[in-house]
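Colleague: Here you go, one structure.
The values are calculated or read from the model by the stated rules, or taken from the named source; none is laboratory data. Keep in mind the model is a prediction, meaning the values are calculated, not measured. Please note: Cβ atoms are built from the backbone with ideal geometry, for glycine as well, and neighbour counts cover all protein chains shown.
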Amino acid sequence: MWLCSPCTAALLTAYLGLQLAYCASLKHVLVVDLAVVTAGFLMRAMIGGPALGIPLSRWFLITTGFGALFMVAAKRYSEAVQLADRAGATRALLTEYTAGHLRFVWQSAAGLAVLGYCLWALEEGGVPSTRVLPWRQLSMVAFVLAVLRYAVFADRGTAGEPEDVVLRDRALACIALVWLAMYGLAVADW
């Protein structure tokens, strides 16, 4: 008996290969390191969907991919800002990036993640709805606020591990909970 579908097995194999290549050499290649880490997050989402029998929309993949790039670039930017005056205390590759370039990447990725999410939220499913409020569309507000709030930490150079940022900032945690509730109501079609 197979433990997973062929699609999931192929994604897992590709994910493992990508991680090995990253550890061996890709983490030392400018811009490619950002793409590989982002692809890792995206591949985990792509593995989770089929493994659970959940179809993944193109908007979900776009939002997840650019959301991951936003967080990865924001984290690299924060590392570069915090460790700029400490020679040898940073990843070698960080010295090749400019703060301006990393800022451009995280800002662009944030905008594209918001765009992808909004396009998903505004997309009509073709099925008549019985919901009380348009939760899907309303969830855009919470999503955008969460991105804007996280961007404050990115801009300050304090966007380390994303889970740490969310857990230490009460406002961001509250926004995330509101978004989660709205998203849940949208999925439940309430």
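Colleague: Quick check: is even one residue across the stretch 81-91 of a type in the set (D, E) and surrounded by fewer than 14 Cβ atoms within 10 Å (Cβ to Cβ)?
Modeller: yes
Colleague: While we're here: Sort through G48, G53, G116 and tell me the only one that's surrounded by 15 or more Cβ atoms within 10 Å (Cβ to Cβ), under 22 Å from R136 (Cβ atoms) and not charged (D, E, K, R).
Modeller: Being surrounded by 15 or more Cβ atoms within 10 Å (Cβ to Cβ), under 22 Å from R136 (Cβ atoms) and not charged (D, E, K, R) holds for just one of G48, G53, G116, which is G116.
Colleague: Looking only at the stretch 32-39, decide whether some residue is without any contact (Cβ under 8 Å) to a residue 40 or more places away in the chain and more than 21 Å from F70 (Cα to Cα).
Modeller: The answer is no; no qualifying residue exists.
Colleague: Could you please tell me which pairs satisfy a Cβ distance under 7 Å, a separation of 6+ or placement on different chains, a first residue in the stretch 54-81 that is touching a residue at least 40 places away in the same chain (Cβ under 8 Å) and within 17 Å of T158 (Cα to Cα), and a second residue that is assigned to a helix (DSSP H, G or I) and of a type in the set (D, E, K, R)?
Modeller: Y77/R103
Colleague: Anything in the stretch 40-53 that is under 20 Å from G67 (Cα atoms) and either out of contact with any Gly (no Cβ under 6 Å at 6 or more places or on another chain) or in contact (Cβ under 8 Å) with a residue 40 or more places away in the chain (or both)? List them, or say none.
Modeller: If the condition is that a residue be under 20 Å from G67 (Cα atoms) and either out of contact with any Gly (no Cβ under 6 Å at 6 or more places or on another chain) or in contact (Cβ under 8 Å) with a residue 40 or more places away in the chain (or both), then G40, F41, M43, R44, A45, M46, I47, G48, G49 are the ones that fit.
Colleague: Another question, if that's okay. Any residue in the stretch 12-30 that's farther than 23 Å from A73 by Cβ: show its pairings with residues that are loosely packed, with under 14 Cβ neighbours inside 10 Å at Cβ separation under 8 Å, as long as the two are six or more apart or on different chains.
Modeller: Every condition considered, the pairs that remain are L12/C4.
Colleague: Could you identify the single residue in L93, L102, L83 that is farther than 23 Å from L12 by Cβ, touching a His at 6+ places or on another chain (Cβ under 9 Å) and not aromatic (F, W, Y)?
Modeller: Result of the check over L93, L102, L83: L93.
Colleague: Looking at R149, R170, which one is out of contact with any Gly (no Cβ under 9 Å at 6 or more places or on another chain), charged (D, E, K, R), at negative phi and surrounded by 13 or more Cβ atoms within 10 Å (Cβ to Cβ)?
Modeller: After ruling out the rest, the residue left standing is R149.
Colleague: Kindly indicate whether L11 is in contact with a helix residue (DSSP H, G or I) (Cβ under 6 Å, 6 or more places away or on another chain), hydrophobic (A, V, I, L, M, F, W, C), within 22 Å of A121 (Cα to Cα) and surrounded by 15 or more Cβ atoms within 10 Å (Cβ to Cβ).
Modeller: When the stated conditions are applied, L11 does not pass them.
Colleague: Got at least one residue in the stretch 68-78 being among the aliphatic types (A, V, I, L, M), closer than 24 Å to E123 by Cβ and surrounded by fewer than 22 Cβ atoms within 10 Å (Cβ to Cβ)?
Modeller: Within the stretch 68-78, not a single residue is among the aliphatic types (A, V, I, L, M), closer than 24 Å to E123 by Cβ and surrounded by fewer than 22 Cβ atoms within 10 Å (Cβ to Cβ).
Colleague: Sticking with this one: Inside the stretch 131-169, can you point out the residues that are under 17 Å from R76 (Cβ atoms), charged (D, E, K, R) and assigned to a helix (DSSP H, G or I)?
Modeller: Result: D155, R156, E163, D164.
Colleague: For the stretch 134-154, what are the residues that are touching a residue at least 60 places away in the same chain (Cβ under 8 Å) and hydroxyl-bearing (S, T, Y)?
Modeller: Passing the criteria: only Y150.
Colleague: Under 8 Å between Cβ atoms, which residue pairs at least 6 apart in sequence (or on different chains) link something in the stretch 155-176 that is within 17 Å of L83 (Cβ to Cβ) and at pLDDT below 95 with a partner that is crowded, with 17+ Cβ neighbours inside 10 Å and of a type in the set (A, V, I, L, M)?
Modeller: Hits for this filter: G157/A80; G157/V81; T158/V165; A159/M71; A159/A74; A159/V165.
Colleague: Can you give me the number of residues within the stretch 28-53 that are under 23 Å from W106 (Cα atoms), assigned to a helix (DSSP H, G or I) and within 19 Å of the chain's Cα centre (by Cα)?
Modeller: Qualifying residue count, the stretch 28-53: 15.
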